[in-house]
Structure formats: structure tokens, C-alpha cells
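Chemist: Just dropping this structure here.
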Amino acid sequence: MKDRLQKIREEAIQKIQSSENLDKLNEIKVSVLGKKGALTEVLKGMKGIAAEERPKVGQMVNDTRTAIEEKIEEMRARLAAAAREAQLQAEVIDVTLPAKKNHVGHRHPNTIALDELERIFIGMGYEVVEGPEVEYDYYNFEALNIPANHPAKDEQDTFYINDKIVLRTQTSPVQVRVMEQGKLPIRMIAPGRVFRSDEVDATHSPSFHQVEGLVIDKNITFADLKGTLAEFAKELFGEETKVKFRPHHFPFTEPSAEMDVTCFKCGGKGCRMCKNSGWIEILGCGMVHPRVLKMSGINPEEYSGFAFGVGLERIALLKYEIDDMRLLYENDMRFLKQF
Ligand code: DAH
């Protein structure tokens, strides 16, 4: 009996030690200690042993069982650790790898500038309106006091659809369209795309954008124009910004002016940005010409108003210190990503 147990024990331990995985180990456990296992067989054979021998034999069986169980447990722990190690190796994650980039789009510099302008004027009670890009010659020129053969038409050569229809050269025709509707007073801005038959260079494009402004009410004076545009300049370029008006000529305003702002880069001392003048030109403006009011059905004796026109690209280029307008239209991601 003793020999038999010894044999079972040695065989079991040998198998346990050579088992290469947990499943195999479990099979061995069942084949030795299970209901039909070798050791259980021995216990069943106890019946044939003399009563006084039984405790001794029972003790031996138990010792064998314990020894085998211990070996199995030891092996199980070793195999489990090895399996875990293998799994970790197989599923290794490099947490230092750069994450997948999420390419979120954002607003174009032109759009950022426009949103800013709209925010400022809406804050002052203005309405935002739009007009057509393909426009009647009448609205684009005639009703703005630019008759056929007027030299101003030379500066704003455009693309003609036919004799009467053009691609608008300015957003000013929207003034006329709004005035014609006859709802007074008027306080509006009109952003939009305009066209000119210009060659492309760093400051010109055959298609660009303007923002028009128009205020019509009783007793509107040049003081209102100055106050409004000075406030606008401060909001856009900073509280310290000063403005200056230089006499100019536009056919649809009288008097007319161009407005400069103190250079926001050097504060007016003179730098590369302002070409050492301390000032930067940003818009055209003036008091709406009485003839323009009359043509649109508004009585100039009763009403007056002011108007202004801003080049949107010019604002975007200034604000972001971009020195070539073409960059705004090339859709080069390396450029656009910067804003
Ligand atoms: N439309 C003019 C241009 O394109 C800009 C302008 C100047 C608009 C004076 C105005 C204004 O409303 O009053 O050159």
C-alpha cells in the first residue's frame, strides 16, 4: 500500500511539474484527486484492509493528498503568473504614442473680422441686412449719384452681365435698396461680397468684401458720424485708439471723408505697420448726399444721415498683421490654422 501511494505521489508530481498550462494542470488534478482519480481508488480499496491498519493507511492517503494538492497549488500560481505575463506582453499599449488628432475647423479670418464688426454695430442698435451681388447698374451707380460717364465709374470698373446689370462694385447699393423701402429711421450695416475688374496683387482682388453702414433720421449730423465711428474704432482696435478724418470725395456723400485710426501696433509713434505715419486708413464715410436721399424718396429737408464703407479684408489683414491679401483666398491650411 505504501509503495502504491508512493508511486501515485511521484507520478502525480512529475506530471504536475511538466504541465505547461492551467487546463493541463486541472486535468491532472481530476485524474489523481477526482471522483475516479487514482487516490480515490485507493480509498475505495480500504474496505479490504484490516480495521487496525485503517487509521494508518488513512493517514498516509491524506498525507499523499496534501502533498499533491500543495504541488498543484504551487504550480497553479506559477502558471497563472506566466499566463498573465504573456497576456500583458501581447496586449501592450504604448501610452506615449500621440493621440489621434481631431481636426476641428474654425472660422476664416474674414469671418472672424465680420463677426466682430457685426457684434459692435448690433451693440449700437444696428440691423444687419443683405443685398444682391448681381446688381442693377442703377443701384450700383446711378442712384448713388454716379451717372453714366462719371469718372468714378473708371475706378470701379466691373464685370457686366449686360448694359443694365453688373456684379456690384461696392455694398453701397444696399443703402439705396433699404432707403427705397421707406421705413425710417434707418440704422443698418450691410456686409457682402463685391467685385472689381482688378488684377490680383497683395492688396487687390477681383472679388472681396465690404461692410456698408447707413444711418438716416431727423437731425443726424457729422457729429453723429464722428462719434459713432470713433466708438467703433475703439471697440475694434482698443480703447486708446484715436481717429482722424481727412476730406475726400465720394459721389454719394457730401461732405465725404476717409477715416484713419492711430496705429494700434505702435500707438501712433510710427512703425512698419503704419509706414511710419502713426496712422492707418480704415474706411470711407460722409453725410448722405441730398440728391441720393431724394432719388430714394426721402425728403432731405426733413431727414439727414451718414454712411460709411469698410473693406473687410483690410480689417482682417490689419488685425492679424497679414501682409498679403492673397493668403486669405488660397485655402492653405498651414496659413488658416493660425487664427
Ligand atoms: N463704396 C465706397 C467704395 O467702395 C466706400 C464708401 C465710402 C462707402 C463712403 C460709403 C461712404 O458708404 O459713405 O470705395
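Chemist: Could you work out the percent of alpha carbon pairs in the chain separated by over 26 Å, rounded to a whole number?
Modeler: Within the chain, distances greater than 26 Å cover 64 percent of Cα pairs.
Chemist: Can I ask one more? Against the empirical 2.2 N^0.38 Å scaling, what ratio does the C-alpha Rg of the stretch 256-339 come to?
Modeler: 1.53
Chemist: In whole angstrom, how far apart do the alpha carbon centroids of the stretch 1-64 and the stretch 116-172 sit?
Modeler: The distance from the Cα centre of the stretch 1-64 to that of the stretch 116-172 comes to 104 Å.
Chemist: Next up: Quick one: what does P(r) look like for the stretch 51-141 with 5 Å bins over all Cα pairs, in whole %?
Modeler: Over the stretch 51-141, the share of Cα pairs per 5 Å bin runs 2, 8, 6, 7, 6, 7, 5, 4, 4, 4, 4, 4, 4, 4, 4, 4, 3, 4, 3, 3, 3, 2, 1, 1, 1, 0 percent.
Chemist: List the pair-distance distribution P(r) of the stretch 290-339, using every Cα-Cα distance, as the percent of pairs falling in each 5 Å bin from 0 up to the bin containing the longest distance, rounded to whole percents.
Modeler: With 5 Å bins starting at 0, P(r) equals 4, 15, 20, 12, 6, 6, 8, 11, 10, 7, 2, 0.
Chemist: Let me ask another. Under a plain spin-label model, where a point goes 7 Å from the Cα along Cα-to-Cβ, how far apart in nm are residue 319 and residue 17?
Modeler: That separation, rounded to one decimal, is 8.2 nm.
Chemist: Of the listed peptides 252-263, 326-337, 97-108, what is their order by residue-averaged count of other C-beta atoms within 10 Å, with the highest listed first?
Modeler: Ranked from most to least packed, the peptides come out as 252-263, 326-337, 97-108.
Chemist: Right, something else. Express the Stokes-Einstein translational diffusion coefficient of the stretch 195-236 in µm² s⁻¹, to the nearest whole number, given a Kirkwood radius over alpha-carbon pairs, 25 °C and a viscosity of 0.890 mPa s.
Modeler: Taking Rh from Cα pairs, D becomes 186 µm²/s.
Chemist: In the stretch 159-231, what is the volume of the convex hull around the alpha carbon atoms, normalised per residue and reported in Å³?
Modeler: 121 Å³
Chemist: Let me ask you something else. Once R0 is set to 25 Å, what does the formula 1/(1 + (r/R0)^6) return for the Cβ-Cβ distance between residue 265 and residue 335, expressed as a FRET efficiency to the nearest 0.05?
Modeler: For residue 265 and residue 335, the calculated efficiency is 0.75.
Chemist: For the stretch 239-294, what is the largest minus smallest coordinate of the Cα atoms on each principal axis, given in angstrom and ordered from greatest to least?
Modeler: That gives 44, 22, 11 Å along the principal axes, largest extent first.
Chemist: Below 8 Å, C-alpha to C-alpha, sequence gap of six or more: please give me the relative contact order for the chain in percent.
Modeler: Relative contact order, the chain: 14 percent.
Chemist: I'd like the orientation of helix 54-90 relative to the chain: the angle between its Cα long axis and the longest Cα principal axis, in ° from 0 to 90, rounded to 10.
Modeler: In the chain, helix 54-90 runs at an angle near 20 degrees to the longest axis.
Chemist: Then there's this: Jot down the per residue volume, in cubic angstrom and as a whole number, of the convex hull over the alpha-carbon atoms of the stretch 110-175.
Modeler: Per residue, the Cα convex hull of the stretch 110-175 comes to 105 Å³.
Chemist: For the stretch 15-160, what % of the accessible area comes from carbon and sulfur atoms, probe 1.4 Å?
Modeler: Using a 1.4 Å probe with all protein chains present, the stretch 15-160 comes out at 53 percent carbon and sulfur.
Chemist: So, one more: Tell me the Kirkwood hydrodynamic radius of the stretch 12-107 in angstroms, computed as one over the mean inverse distance between distinct C-alpha pairs.
Modeler: 17.2 Å
Chemist: Could you calculate the FRET efficiency of residue 40 with residue 76 from 1/(1 + (r/R0)^6), where r is the beta carbon distance between them and R0 is 22 Å, rounded to 0.05?
Modeler: Given R0 = 22 Å and the Cβ-Cβ separation, E is 0.60.
Chemist: For the stretch 212-259: lysine pairs with Cα atoms under 13 Å, gap of 8 or more or different chains, count?
Modeler: 5
Chemist: Ratio of the stretch 133-257's C-alpha Rg to 2.2 N^0.38 Å, to two decimals?
Modeler: 1.15
Chemist: On the first, second and third principal axes, largest extent first, how far apart are the outermost C-alpha atoms of the stretch 71-211 in Å?
Modeler: 109, 38, 24
Chemist: At 1.306 mPa s and 10 °C, plugging the Kirkwood radius over alpha-carbon pairs of the stretch 214-310 into Stokes-Einstein gives what diffusion coefficient in µm²/s?
Modeler: 113 µm²/s
Chemist: What residues of the stretch 134-169 lie in the reach of a label at residue 254, counting those whose backbone N is under 20 Å from a point 7 Å from the Cα along Cα→Cβ?
Modeler: 139-154
The values are calculated or read from the model by the stated rules, or taken from the named source; none is laboratory data. Because the structure is predicted, anything quoted here is derived from the model rather than measured. A quick note on method: Cβ atoms are made from the backbone with ideal geometry, for glycine too, and the neighbour counts reach across all protein chains shown. Note: accessible area is taken over every heavy atom of the protein model, side chains too, but ligands, DNA and RNA are not part of it. Shrake-Rupley method; radii C 1.70, N 1.55, O 1.52, S 1.80 Å.
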